[in-house]
1. Taking the conditions exactly as written (among the charged types (D, E, K, R) and closer than 30 Å to Leu216 by Cβ), does Arg16 satisfy them or not?
2. I'd like the full set of residues that are over 30 Å from Thr373 (Cα atoms), touching a Leu at 6+ places or on another chain (Cβ under 9 Å) and without any contact (Cβ under 8 Å) to a residue 60 or more places away in the chain, limited to the range 417-446.
3. Modelled with pLDDT of 95 or more, of a type in the set (Lys, Arg) and in contact with an Asp or Glu (Cβ under 7 Å, 6 or more places away or on another chain): does that describe Arg416?
4. Quick check on my filter: what residues within the range 144-167 are open to solvent by 50 Å² or more (accessible area, probe 1.4 Å) and either under 25 Å from Pro89 (Cβ atoms) or assigned to a helix (DSSP H, G or I) (or both)?
5. Hey, among the residues in the range 168-181 that are in a helix (DSSP H, G or I) and in contact (Cβ under 8 Å) with a residue 12 or more places away in the chain, which one's most open to solvent (accessible area, probe 1.4 Å)?
6. Out of Pro361, Pro331, report the one residue that is more than 21 Å from Glu12 (Cα to Cα) and touching a helix residue (DSSP H, G or I) at 6+ places or on another chain (Cβ under 6 Å).
7. On the basis of being at pLDDT 95 or above and hydrophobic (A, V, I, L, M, F, W, C), does Val96 make the cut?
8. What strands (runs of 3 or more DSSP E) lie completely within the range 4-110 and have 3 or more residues being open to solvent by 10 Å² or more (accessible area, probe 1.4 Å)?
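The values are calculated or read from the model by the stated rules, or taken from the named source; none is laboratory data. Quantities reported herein were computed from a predicted structural model and do not represent experimental measurements. Here Cβ is always computed from backbone atoms with ideal geometry, including for glycine, and neighbour counts include all displayed protein chains. Heads up: the accessible areas ignore ligands, DNA and RNA and are worked out on the full protein's heavy atoms, side chains in. Shrake-Rupley method; radii C 1.70, N 1.55, O 1.52, S 1.80 Å.
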Amino acid sequence: MFASLLIANRGEIARRIARTAHRLGIRTVAVHSDVDADLPFVTEADEAVLLGPAAPAESYRNAERLLDAARRTGAVAVHPGYGFLAENPEFAQAVVDAGLIWVGPPPQAIAAMGDKVAARQRMVEAGVPVAPGSVEAVADLATALAEAERIGYPVMLKAAAGGGGMGMAVAADPDALRTEYGRVTGFAERLFGDGRVFVERYFPRVRHVEVQVLGLADGRVVTLGERDCSVQRRNQKIVEETPSPAVDPELRERMCAAAVRAAEAVDYRNAGTVEFLLDPATGEFFFLEMNTRLQVEHPITEMVFGVDLVEAQLRIAAGEDPGFDVDALRPSGHAVELRINAEDPRRFLPGPGLVREWIEPTGEGVRVDSGYTAGNTVTPSYDSLLAKLVVHGADRTEALERARKAVSEFTVTGPRSNLAFHAELLENEEFVSGDYDTGIVTRMRS
């Protein structure tokens, strides 16, 4: 195992990575922007380096400054967390070229899955089911209209270089597609530097289910069950649970086998997630994308399987086994993750501010991965995630009961928070039944 680790991220995920690193005796180096200097992930690290101003391009997305920080502190390895440069193959390659250990998949695997059009074709060749859609990126609006006519409305317009729910729009007819085409291509060009888009069949009632994979140092790919991520606002996940109430053992076996084929198709190593759209009426599922990094919602998998996925990442990067017997893995119970965001609970608009009071819930089966505490300031410069409330129970009923109690005990004053939304969701009949889909939040707010 390497002796030191630079964590190229911020907030709760940087703090969470450092916790495991410290347990393993690894020296941690935090990097931060000027507005983040007082946050827990900085003060708890063994060493901290100021990158620059708040703007991500001047700090957390600045590869040159990150590598310079690694050189100056003698860091041996780099963990990118999620977001920022975590799925940037050029940064991953630069880390490797600098003689450092990249805690993640090979740059080639990141690149292969980063282009959504090329990834779709690779999945077809690997025997992984994909939704009906354009084989290549559409060259112009006329081509997009022709493809949509061939596929059948409604369709989803997606950025070829997008991911994480960004750079997409639904079109129910040609007029809507004409309106959305320019918006999505422009957004993709601004955010990803790549304006290419493709067209895919849109399923109005669908569940979002993903499979956790680990590419081991010996070349094998294993899975650690599925997570249901269907509770979303603006295509962004806000609640996840495992196992999925919509997945039975036979379907789970098929989805996990498809996820293994997907990962093997790009010679995957380290932690990753293969995301699928699931039609709950037919049991059909389709490849959506692969996140070539650690997921925000990884703690619910850890709770159910009793493992530390960050430790597995570090060990695999060091050429070791993941720290547990993959052949003996067995899930136990049910876990739910609620993303506590600095946003109002009805319209989900950002609500940054000074945290005047911060009281985390405790109790059996309750875990909080937080990025803030009282006295910290939540700025509008970054994602609104404050903390992840993770709750585990012997079954789904117990997990939801514990989640209700934990939400009622979680106190955040100062910035707005979506705690009231979570309290509402946990009493919602549709959600409690387990028979819900990606439209549940829209229905709750209509």
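1. Numbers: among the charged types (D, E, K, R): yes; closer than 30 Å to Leu216 by Cβ: yes.
When the stated conditions are applied, Arg16 passes them.
2. Result: Val432, Met444.
3. Details: modelled with pLDDT of 95 or more: yes; of a type in the set (Lys, Arg): yes; in contact with an Asp or Glu (Cβ under 7 Å, 6 or more places away or on another chain): yes.
It is true that Arg416 is modelled with pLDDT of 95 or more, of a type in the set (Lys, Arg) and in contact with an Asp or Glu (Cβ under 7 Å, 6 or more places away or on another chain).
4. Ala146, Glu149, Arg150, Met166
5. As a first pass, look at the range 168-181 and keep what is in a helix (DSSP H, G or I): 174-181.
Next cut, in contact (Cβ under 8 Å) with a residue 12 or more places away in the chain only: 174, 177-178, 180-181.
Working: Pro174: 46, Leu177: 1, Arg178: 119, Glu180: 40, Tyr181: 34 Å².
Going through the qualifying residues, I end up with Arg178.
6. Working: Pro361 fails: more than 21 Å from Glu12 (Cα to Cα).
Result: Pro331 is the single residue among Pro361, Pro331 that is more than 21 Å from Glu12 (Cα to Cα) and touching a helix residue (DSSP H, G or I) at 6+ places or on another chain (Cβ under 6 Å).
7. Values: at pLDDT 95 or above: yes; hydrophobic (A, V, I, L, M, F, W, C): yes.
Judged against the criteria, Val96 is a match.
8. On the way: elements: 4-7, 27-33, 47-52, 77-79.
Of the strands (runs of 3 or more DSSP E) lying wholly inside the range 4-110, those with at least 3 residues that are open to solvent by 10 Å² or more (accessible area, probe 1.4 Å) span 47-52.
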